[in-house]
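Asks: One structure is given below, represented as C-alpha coordinates, and several questions about it will come after.
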Amino acid sequence: MKTFNVTKQDIELVEIATKKITMLYEDDKHHVGAAIRTKSGEITSAVHIEAYIGRVTVCAEAIAIGSAISNGQKYFDTIVAVRHPYSDEVDRRIKVVSPCGMCRELIADYAPDCFVLLELNGELVKIMISELIPLKYSRN
(Lines give C-alpha, C1' and ligand atoms only; values in the text may rest on other atoms or scores of the structure.)
Protein backbone atom coordinates (compact mmCIF):
# COMPACT_ATOMS: atom_id res chain seq x y z
CA MET A 1 0.00 0.00 0.00
CA LYS A 2 1.38 3.37 -1.02
CA THR A 3 1.13 6.05 1.66
CA PHE A 4 1.66 9.80 1.41
CA ASN A 5 3.02 12.33 3.87
CA VAL A 6 0.51 13.51 6.47
CA THR A 7 0.49 17.32 6.47
CA LYS A 8 -0.39 19.99 9.01
CA GLN A 9 -3.64 20.50 7.06
CA ASP A 10 -4.43 16.79 7.45
CA ILE A 11 -4.00 17.02 11.22
CA GLU A 12 -6.32 20.04 11.16
CA LEU A 13 -8.90 17.98 9.26
CA VAL A 14 -8.81 15.31 12.00
CA GLU A 15 -9.19 18.03 14.63
CA ILE A 16 -12.22 19.51 12.84
CA ALA A 17 -13.93 16.11 12.55
CA THR A 18 -13.13 15.44 16.23
CA LYS A 19 -14.51 18.82 17.29
CA LYS A 20 -17.71 18.22 15.30
CA ILE A 21 -18.45 14.81 16.86
CA THR A 22 -17.43 15.97 20.33
CA MET A 23 -19.86 18.87 20.08
CA LEU A 24 -22.78 16.84 18.67
CA TYR A 25 -22.27 13.34 20.12
CA GLU A 26 -25.40 11.56 21.39
CA ASP A 27 -25.70 7.89 22.27
CA ASP A 28 -27.53 5.98 19.52
CA LYS A 29 -27.81 9.10 17.33
CA HIS A 30 -24.39 10.45 16.38
CA HIS A 31 -21.07 8.71 17.05
CA VAL A 32 -19.06 9.32 13.86
CA GLY A 33 -17.85 12.66 12.59
CA ALA A 34 -16.21 13.42 9.25
CA ALA A 35 -14.46 16.30 7.59
CA ILE A 36 -13.61 16.76 3.92
CA ARG A 37 -11.24 19.32 2.42
CA THR A 38 -11.69 20.55 -1.12
CA LYS A 39 -8.81 21.17 -3.49
CA SER A 40 -9.38 24.92 -2.87
CA GLY A 41 -8.92 24.38 0.89
CA GLU A 42 -12.53 24.69 2.06
CA ILE A 43 -13.60 22.25 4.77
CA THR A 44 -17.02 20.74 5.39
CA SER A 45 -17.71 18.64 8.48
CA ALA A 46 -20.68 16.51 9.52
CA VAL A 47 -21.89 13.79 11.87
CA HIS A 48 -23.59 10.56 10.94
CA ILE A 49 -27.31 10.21 11.50
CA GLU A 50 -28.24 6.98 13.28
CA ALA A 51 -31.67 5.45 12.70
CA TYR A 52 -33.50 2.72 14.59
CA ILE A 53 -33.79 0.87 11.28
CA GLY A 54 -30.12 0.51 10.36
CA ARG A 55 -30.41 0.83 6.62
CA VAL A 56 -31.86 4.34 7.02
CA THR A 57 -28.69 5.47 8.85
CA VAL A 58 -26.57 7.93 6.86
CA CYS A 59 -22.79 8.01 7.33
CA ALA A 60 -20.92 11.18 8.28
CA GLU A 61 -18.76 10.98 5.15
CA ALA A 62 -21.86 10.89 2.93
CA ILE A 63 -23.38 13.86 4.73
CA ALA A 64 -20.12 15.84 4.47
CA ILE A 65 -19.81 15.08 0.75
CA GLY A 66 -23.48 15.87 0.15
CA SER A 67 -23.28 19.12 2.10
CA ALA A 68 -20.16 20.23 0.24
CA ILE A 69 -21.71 19.40 -3.14
CA SER A 70 -24.94 21.19 -2.13
CA ASN A 71 -22.84 24.27 -1.43
CA GLY A 72 -21.17 24.22 -4.85
CA GLN A 73 -18.02 22.27 -4.00
CA LYS A 74 -17.07 19.28 -6.11
CA TYR A 75 -13.29 18.91 -6.19
CA PHE A 76 -12.22 17.01 -3.09
CA ASP A 77 -8.71 16.51 -1.77
CA THR A 78 -8.83 14.65 1.57
CA ILE A 79 -11.45 13.09 3.84
CA VAL A 80 -11.35 11.66 7.36
CA ALA A 81 -13.85 10.01 9.71
CA VAL A 82 -13.52 9.75 13.48
CA ARG A 83 -15.46 7.59 15.92
CA HIS A 84 -16.59 8.76 19.34
CA PRO A 85 -16.89 5.96 21.91
CA TYR A 86 -20.34 5.12 23.25
CA SER A 87 -21.01 6.29 26.80
CA ASP A 88 -20.53 2.78 28.23
CA GLU A 89 -17.14 2.14 26.59
CA VAL A 90 -14.07 2.17 28.82
CA ASP A 91 -11.70 3.54 26.17
CA ARG A 92 -12.78 7.17 25.82
CA ARG A 93 -10.46 8.11 22.95
CA ILE A 94 -11.87 9.43 19.71
CA LYS A 95 -10.18 7.50 16.92
CA VAL A 96 -9.75 7.90 13.18
CA VAL A 97 -11.65 5.11 11.42
CA SER A 98 -11.78 3.71 7.92
CA PRO A 99 -14.81 4.51 5.76
CA CYS A 100 -17.34 1.71 5.35
CA GLY A 101 -17.76 0.02 1.98
CA MET A 102 -20.63 2.24 0.86
CA CYS A 103 -18.69 5.38 1.76
CA ARG A 104 -15.66 4.06 -0.10
CA GLU A 105 -17.86 3.74 -3.19
CA LEU A 106 -19.28 7.23 -2.69
CA ILE A 107 -15.86 8.82 -2.19
CA ALA A 108 -14.50 7.03 -5.26
CA ASP A 109 -17.53 8.10 -7.33
CA TYR A 110 -17.28 11.79 -6.44
CA ALA A 111 -13.54 12.11 -5.86
CA PRO A 112 -11.58 9.29 -7.52
CA ASP A 113 -8.27 10.99 -6.69
CA CYS A 114 -9.19 11.79 -3.06
CA PHE A 115 -6.89 11.00 -0.17
CA VAL A 116 -8.27 9.21 2.90
CA LEU A 117 -6.76 9.53 6.37
CA LEU A 118 -6.67 6.28 8.37
CA GLU A 119 -5.17 5.00 11.57
CA LEU A 120 -3.07 1.89 11.00
CA ASN A 121 -1.18 0.30 13.87
CA GLY A 122 -1.69 3.44 15.95
CA GLU A 123 -0.27 5.74 13.27
CA LEU A 124 -2.11 8.27 11.10
CA VAL A 125 -1.57 7.46 7.43
CA LYS A 126 -2.75 9.01 4.17
CA ILE A 127 -3.70 6.87 1.18
CA MET A 128 -5.63 7.22 -2.07
CA ILE A 129 -9.24 6.06 -2.11
CA SER A 130 -8.25 3.63 -4.89
CA GLU A 131 -6.20 1.72 -2.28
CA LEU A 132 -9.40 1.12 -0.30
CA ILE A 133 -11.50 0.15 -3.29
CA PRO A 134 -9.33 -1.51 -5.92
CA LEU A 135 -10.93 -2.71 -9.12
CA LYS A 136 -13.93 -0.46 -8.51
CA TYR A 137 -17.13 -1.22 -10.39
CA SER A 138 -17.57 0.83 -13.53
CA ARG A 139 -20.33 1.06 -16.12
CA ASN A 140 -17.72 0.98 -18.89
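Asks: Counting only pairs 8 or more places apart or on different chains, how many lysine pairs in the chain have C-alpha atoms closer than 24 Å?
Replies: 28
Asks: So how far apart, in nm, are the two label points at ARG93 and LEU135 if each is 7 Å from Cα heading toward Cβ?
Replies: Those two pseudo-labels are separated by 3.4 nm.
Asks: Hey, if we sort TYR137, TYR110 by accessible area with the 1.4 Å probe, largest down, what's the order?
Replies: Ranked from most to least accessible, the order is TYR137, TYR110.
Asks: With θ set to phi - 60°, apply the Karplus curve 6.51 cos²θ - 1.76 cosθ + 1.60 along segment 36-43 and write out the HN-Hα couplings as whole Hz, x wherever there is a Gly or Pro.
Replies: Running phi through 6.51 cos²θ - 1.76 cosθ + 1.60 with θ = phi - 60° gives 10, 10, 7, 5, 8, x, 6, 10 Hz.
Asks: Here is a further query. Counting each DSSP H run of 4 or more residues in the chain as -39500 (n - 2.57), what helix-only mean residue ellipticity at 222 nm follows after dividing by all residues, to the nearest 500 deg cm²/dmol?
Replies: Result for the chain, helices only: -9000 deg cm²/dmol.
Asks: Please list VAL96, VAL90 from largest to smallest accessible area, probe radius 1.4 Å, with all protein chains kept in place.
Replies: From most accessible down to least: VAL90, VAL96.
Asks: Considering only protein heavy atoms, with the full assembly of protein chains and a 1.4 angstrom probe, order PHE4, PHE115 by accessible area, largest first.
Replies: PHE4, PHE115
Asks: Tell me, what ³J(HN,Hα) does each residue in segment 5-22 have, in order and in whole Hz, if you take phi through Karplus 6.51 cos²θ - 1.76 cosθ + 1.60 with θ = phi - 60° and put x for Gly and Pro?
Replies: 5, 7, 9, 4, 5, 5, 4, 4, 4, 4, 4, 5, 4, 5, 4, 4, 6, 5
Asks: Take the alpha carbon gyration tensor of the chain, find the square roots of its eigenvalues, order them as a ≥ b ≥ c, and report rounded if a/c is under 1.5; if not, report prolate when a/b exceeds b/c, else oblate.
Replies: rounded
Asks: Rounded, prolate or oblate: which one fits segment 33-110, using the alpha carbon gyration tensor with axes a ≥ b ≥ c (rounded when a/c is under 1.5, else prolate when a/b beats b/c, else oblate)?
Replies: Working: a/c = 2.17, a/b = 1.56, b/c = 1.39.
Prolate, since a/c reaches 1.5 and a/b exceeds b/c.
Asks: Separate question: Under 16 Å from a label point 7 Å along Cα→Cβ of ASP27: give me every residue in segment 66-108 with its amide N that close.
Replies: Flagged as within label range: 84-92.
Asks: Another question, then. List the residues whose amide H sits under 5 Å from the amide H of ASP77, counting only those 5 or more places along or on another chain, with H placed 1.01 Å from N in the peptide plane.
Replies: ARG37, THR38, LYS39
Asks: Next up: Please turn the phi angles of segment 105-112 into ³J(HN,Hα) values with the Karplus equation 6.51 cos²θ - 1.76 cosθ + 1.60 (θ = phi - 60°), one per residue in order, whole Hz, x for glycine and proline.
Replies: Values, residue by residue: 4, 5, 4, 5, 5, 9, 8, x Hz.
Asks: Right, another one. Give the distance, in whole Å, between the Cα centre of segment 1-76 and the Cα centre of segment 94-137.
Replies: Cα centroid to Cα centroid, the span is 12 Å.
The values are calculated or read from the model by the stated rules, or taken from the named source; none is laboratory data. The structure displayed is predicted, hence computed values, not measured ones. Virtual Cβ from ideal backbone geometry, glycine too; neighbours counted across all protein chains shown. Quick note on the areas: whole protein, heavy atoms, side chains included, nothing else; ligands and nucleic acids left out. Shrake-Rupley method; radii C 1.70, N 1.55, O 1.52, S 1.80 Å.
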